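First the structure, in the form of structure tokens, and then the observations on it.
Each value in this text was obtained by applying a stated rule to the coordinates, not by laboratory testing. Quick caveat, the model's predicted, so the values are computed rather than measured. Quick reminder, even Gly has a Cβ in these numbers, built from the backbone with ideal geometry, and neighbours come from all protein chains shown.
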Amino acid sequence: MRMFVALVPPDDAVEDLAEFLGPRQEAGGGLRWTVPEQWHVTLAFLGDVHDRHLDDLVERLGRAAARRTPVDLALAGAGAFPNPARAKVLWTGVDAGGDPTAEEEVRRMATGARAAGAKSGAGEDGGRFHPHVTLARVGRPIEATRWLRVLDHYNGPVWPADTWTLVESHLGEGPRRRPRYEVVETFPVGRAARTETPA
């Protein structure tokens with residue numbers, strides 16, 4: 001199973017970004033825009049999760065999320081991977097309001113999620129953590145400075161990053177052969193996770 005652990009923005013944040021992007025998407029430009037229901041901030045990518053590891057993964061992710069602290073975030077700005085001159089991916093960033101403690105907490109969330117994946121044998125696989133939401137992809141690299149000037153003006157509403165979501169990605173099963181995402185489990189972040197009583 002291909003899985004990832006993510007922070008999923010709430011509906012109002014998604015709707016605000018979709019409203020901002022709408023007129024820009026109509027401009028074309030050869031970009032393949034991602035769909036709002038798939039917008040997320042990846043904390044850990046788990047490329048090869050076997051059934052036998054899933055229970056342990058879920059347990060470890062629950063514990064890791066409980067050790068972290070919720071923070072307030074917003075989606076804002078823009079960037080490109082690998083760089084604006086040869087962009088293959090356009091993204092919007094994650095803004096913690098300039099609070100270095102909150103920025104560090106987001107990095108620790110990623111570290112905790114990745115460690116849970118590795119320790120469970122779930123095959124954690126990912127490069128350096130750079131919190132973002134992918135907005136568009138291109139088949140061949142493009143010079144994206146013009147797009148980034150437009151997208152960089154975005155500044156979305158603040159939302160609480162208080163839940164981790166474990167998602168299974170089914171390649172090619174969505175509309176237009178996009179991946180289809182299936183939520184496997186959610187994990188509350190912080191003290192609320194530790195104080196919950198079993199039903």
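Computed over the chain, the per-residue total of -39500 (n - 2.57) for DSSP H runs of n ≥ 4 gives a 222 nm mean residue ellipticity of -10000 deg cm²/dmol, rounded to 500.
Among residues other than Thr92 with Cβ under 12 Å from its Cβ, the summed charge is -2 (Lys and Arg +1, Asp and Glu -1).
Rg ratio for the chain: its Cα radius of gyration over 2.2 N^0.38 Å, N being its residue count, equals 1.04. Farthest toward the positive end of the dipole of segment 1-87, out of Ala85, Thr69, Leu57, is the Cα of Ala85, where the dipole comes from beta carbon charges about the Cα centre.
The angle between the Cα long axis of helix 51-66 and the main principal axis of the chain comes to about 90°, on a 0 to 90 degree scale.
Between amide H atoms placed 1.01 Å from N, distances below 5 Å from Val71 occur with Ala161, all of them 5 or more places distant or on a separate chain. The Cβ shell under 12 Å around Thr101 holds other residues with a net charge of -3, Lys and Arg each +1, Asp and Glu each -1.
Once the Cα atoms are used to define both axes, helix 11-25 deviates from the longest principal axis of the chain by about 20 degrees.
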